[in-house]
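Just so you know, all these numbers are worked out from the coordinates, no wet-lab data involved. Note that the structure is a prediction, hence the values are computed from the model and not measured. Here the Cβ positions follow ideal geometry from the backbone for every residue, glycine too, while neighbour counts run over all protein chains shown.
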Amino acid sequence: MMTTNSKWFEVWFHDDDPPFFLRVGPSDGAGRVAIFDIRENTLAYIANDYEDACLWLRDEEFEMVRGRESADVSVALPSV
């Protein structure tokens, strides 16, 4: 997803047990991209641009979440 809009984000995952999720989005007005560890709420990586972010994520074997992904782990849903 390449965009010039400064209000976007993506979720990427690594198929660990449990799955590992990262949030990807704009870092600043200079075109850099921040990658955050969702579980720890910490900065994992700052990329110079979106292409650099995608290369880093793929090198670390992450995949972008697109719609509903299947997982081999049980998730306890809160009762309503």
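Just a few scattered comments:
- Gyration tensor verdict on region 10-64 (Cα atoms; rounded if a/c is under 1.5, prolate if a/b is larger than b/c, oblate otherwise): oblate
- Gained length - GLU61 relative to VAL11, 0.36 nm times residue gap less alpha-carbon distance: 16.6 nm
- Among 24-36, 8-20, the peptide with the highest mean count of other Cβ atoms within 10 Å heads the list, and the full ranking is 24-36, 8-20.
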